[in-house]
C-alpha cells in the first residue's frame with residue numbers, strides 16, 4: 001500500500017485529497033491530510049466581510065464534512081519535513097512516513113516585518129483577525145485619506161487591492177461621506193494592473209469614481225508615528241487609514257526542509273507540478289513558484305493534473321499529464337458587478353471577458369455556494 005501525505009488543508013490540500021480519493025477507488029493507497037485547523041474558510045469572502053458582520057459560520061465548514069471517507073485527517077501541524085527519510089514530524093509528537101508528499105502549505109503573511117499592524121489605522125483583509133479589526137476601523141471612519149497598497153509582489157489574488165478600492169468607494173457613498181474622503185491606490189508599476197488590457201479598464205473606473213492612482217510606488221516601510229507610507233524611492237504618502245497587503249512568503253518548515261527558494265516558495269515544474277529535484281514530492285497552490293496568480297482557481301485547475309500524475313507514478317508510469325496554467329478570475333467592481341478574466345501560460349486575459357457585467361457579479365457572489373458544495377469536494 002502506497003501512502004500519500006498532504007501537508008496543508010486549505011482549499012488546495014482538501015481538493016487534491018478528495019480528487020485522489022475519487023480517482024483511486026480501486027487502488028490500494030492511503031491518503032492522509034495533515035492540517036491543524038478543524039474548519040475550512042472561504043477566504044475570498046474576507047474582502048466582502050470587511051464591510052459587513054456576517055457570522056463566520058456563513059463562510060466556514062468543518063473539514064470532516066467535506067473529506068471523502070478514504071482520506072484520514074490528522075489535526076496537527078507539521079513541524080519538520082525530512083526529504084531524505086521521507087518523513088514528517090508533527091506537533092502531536094508523532095512522525096509519519098510517506099511514499100509521496102504533496103506540499104500545499106499556502107503562504108505566511110509576514111505582518112511582523114511591517115511592524116505597524118498593531119496601530120488602529122493600519123489594516124489588511126487577509127485573515128479573520130485582521131479583517132475583524134478592519135471592520136471596526138471602517139465603521140469608525142468619518143473622513144480623511146484611505147491609502148491602499150501591496151507591500152510586496154506576489155500576493156494572493158492579484159486584483160484584491162483593486163477590488164477593495166472599488167468596494168470602499170461604494171461603502172463610503174452608501175454612508176454619505178464619500179465627499180469627506182480621498183482614496184489612493186499605490187502600485188509599483190506604470191499601470192494599476194500588470195495586464196495592459198485589464199489596467200485600461202481599471203483606470204477608467206478609477207477616474208470615474210475619483211480614486212487616485214499613484215504609479216511606480218515601491219513600498220519600503222510605514223512611518224507609523226507620522227501616518228506615512230514610504231517608498232523605496234523616498235516618496236511619502238500620508239494616510240488616515242492604511243490598507244496594506246502584508247508581505248507573502250513561504251512557511252518556515254518549507255525553508256528549513258530545503259524545499260523553498262529565497263522567499264520560501266517551492267520551485268515546482270509548471271506542467272507536472274512535481275517539485276524540482278525531488279522525485280516523490282509534488283506541490284500545489286500558493287506555496288509554489290508557478291508563474292500564475294496565487295488563487296484558488298489555479299489550484300482548482302491544477303489539482304486533477306497533480307492527482308493523475310501521482311496515480312500514474314503509483315502504476316509505474318511516467319507523470320505525463322500537464323497543467324497549462326489555465327485559470328479564471330472575477331474582478332469585483334461593485335457589490336453587484338464584476339469583470340471576468342481567464343488566461344493561461346500561453347495567452348493573456350481574453351478581451352471580451354473585460355466587460356463589467358451584473359451577471360459576472362452574480363457569479364462571484366454565488367461562487368461561495370459552488371465552493372462548498374462542489375469544488376472542495378472534488379466534484380468539479
Revision key, fill the gap. Rounded to the nearest 10 degrees, the helix 196-209 long axis (Cα) sits at an angle to the longest Cα principal axis of the chain of 40
**Study point:** Added length on full extension, which subtracts the Cα-Cα distance from 0.36 nm per residue, residue 233 to residue 136
**Key:** 31.7 nm
Check your understanding: Dividing the alpha-carbon radius of gyration of region 1-122 by 2.2 N^0.38 Å (N being the number of residues), what value is obtained?
Key -> 1.25
Study note, to complete from the structure: Asserting the computed 222 nm helical MRE of the chain (DSSP H runs at least 4 long, -39500 (n - 2.57) per run, divided by residue count, to nearest 500) equals -8000 deg cm²/dmol
Point to revise | For a label point 7 Å along the Cα-to-beta-carbon line of residue 301, residues of region 236-273 with backbone N under 15 Å | key: 270-273
Study note, to complete from the structure: By the Cα gyration tensor axes a ≥ b ≥ c (a/c under 1.5 gives rounded; else a/b larger than b/c gives prolate, otherwise oblate), the shape of region 203-361 is oblate
**Study point:** Quotient of C-alpha Rg and 2.2 N^0.38 Å, computed over region 122-184
**Key:** 1.13
Study note, to complete from the structure: Expressed in nanometres to one decimal, the distance between label points 7 Å along Cα→Cβ at residue 380 and residue 208 is 2.7
Study note, to complete from the structure: From fewest to most C-beta neighbours within 10 Å, the residues 11, 213 line up as 213, 11
Exercise for review: Provide the FRET efficiency to the nearest 0.05 for the residue 318-residue 80 pair, computing r from the beta carbons and using R0 = 35 Å.
Suggested key: 0.70
Exercise for review: Have a look at 161, 348, 192 and tell me which one the Gaussian network model of the chain (Cα, springs below 10 Å) gives the largest fluctuation.
Suggested key: 348
Practice item. Could you state the angle between the C-alpha long axis of helix 296-314 and the longest principal axis of the C-alpha atoms of the chain, as a value from 0 to 90 degrees rounded to the nearest 10? Key: 10
Study note, to complete from the structure: Shape call for region 112-247, from the Cα gyration tensor axes a ≥ b ≥ c (a/c under 1.5 means rounded, otherwise prolate when a/b beats b/c, else oblate), comes out rounded
Study note, to complete from the structure: Longest principal axis of the chain (C-alpha) makes with the long axis of helix 128-140 (C-alpha) an angle, in degrees to the nearest 10, of 10
Review point. What do you get when you divide the Cα radius of gyration of the chain by 2.2 N^0.38 Å, with N the number of residues?
Key: 1.01
Exercise for review: Please report how far the C-alpha centroid of region 311-334 lies from that of region 95-133, rounded to the nearest whole angstrom.
Suggested key: 25
Check your understanding: What is the gain in length, in nm to one decimal, between residue 179 and residue 240 on full extension, counting 0.36 nm per residue of separation less the C-alpha to C-alpha distance?
Key -> 20.5 nm
Revision key, fill the gap. FRET efficiency (residue 118, residue 216; Cβ distance; R0 25 Å; to 0.05) is 0.30
Review point. For 182, 294, what's the fewest-to-most ordering of other Cβ within 10 Å of each Cβ?
Key: 182, 294
Study note, to complete from the structure: 1/(1 + (r/R0)^6) with r = Cβ-Cβ of residue 368 and residue 189, R0 = 30 Å, i.e. FRET efficiency to nearest 0.05, evaluates to 0.45
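Bear in mind that the values in this text are calculations on the coordinates, not laboratory data. As the structure is a computational prediction, the values presented were derived from the model and not from experiment. Using ideal geometry, Cβ is built from the backbone for each residue, glycine included, and neighbour counts are taken over all protein chains shown.
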